[in-house]
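Peer 1: Would you mind keeping the following structure in view while I ask a few things?
No value in this document is a laboratory result; all are computed from the given coordinates. What you see is a predicted model; the values in this text were computed from it and never measured. Cβ: placed from backbone, ideal geometry, glycine included. Neighbour counts: every protein chain shown.
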Amino acid sequence: MAKGRIVVKEMYCKGCELCTSVCPQDLIHMALDQLTPKGYHPAELVDPDGECTGCAICAVICPDSAITVYRMVPEDKVKTTTA
């Protein structure tokens, strides 16, 4: 299965919680112990077991483009060139 992770740019997150409602793995939660510069609780990835697949649904639904998704490429899929 694909692996991924997300990074939330707190400067742009307005705490709308749309990303939390669409994550199929239920890995995005609101950071209730933090506030953004604009006074919102930002979203954060809570994924201690590495279950994020990098599906990017959260990034697509984010109205402020506050989420960047990174997908890991499995070692056996990495193409190498020899000189």
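Peer 1: Check off (1) free of Cβ contacts under 8 Å to residues at least 24 places away in the same chain; (2) surrounded by fewer than 14 Cβ atoms within 10 Å (Cβ to Cβ); (3) under 11 Å from the mean Cα position of the chain (by Cα) for residue 7 and give me the number that stays unchecked.
Peer 2: Result: residue 7 fails condition (1) only.
Peer 1: Filter the range 20-44 down to residues that are of a type in the set (A, V, I, L, M, F, W, C) and assigned to a loop (DSSP other than H, G, I, E, B) and give me whichever is surrounded by the fewest Cβ atoms within 10 Å (Cβ to Cβ). Outline the logic, then answer.
Peer 2: In the first step, residues of the range 20-44 are kept if they are of a type in the set (A, V, I, L, M, F, W, C); the result is 22-23, 27-28, 30-32, 35, 43.
Add one more test, that the residue is assigned to a loop (DSSP other than H, G, I, E, B), and what stays is 23, 27, 31-32, 35.
On the way: 23: 20, 27: 21, 31: 17, 32: 9, 35: 13.
Here the residue is 32.
Peer 1: While we're looking at this one, here's another question. Is it the case, given these coordinates, that residue 66 is under 10 Å from the mean Cα position of the chain (by Cα) and free of Cβ contacts under 8 Å to residues at least 60 places away in the same chain?
Peer 2: Details: under 10 Å from the mean Cα position of the chain (by Cα): yes; free of Cβ contacts under 8 Å to residues at least 60 places away in the same chain: yes.
Criteria met by residue 66.
Peer 1: Within the range 1-41, can you find the residues that are farther than 15 Å from residue 66 by Cα and of a type in the set (Asp, Glu)?
Peer 2: 26, 33
Peer 1: Here's something else I'd like to know. Mind counting the residues in the range 52-77 that are surrounded by 14 or more Cβ atoms within 10 Å (Cβ to Cβ) and at positive phi?
Peer 2: Of the residues in the range 52-77, 2 are surrounded by 14 or more Cβ atoms within 10 Å (Cβ to Cβ) and at positive phi.
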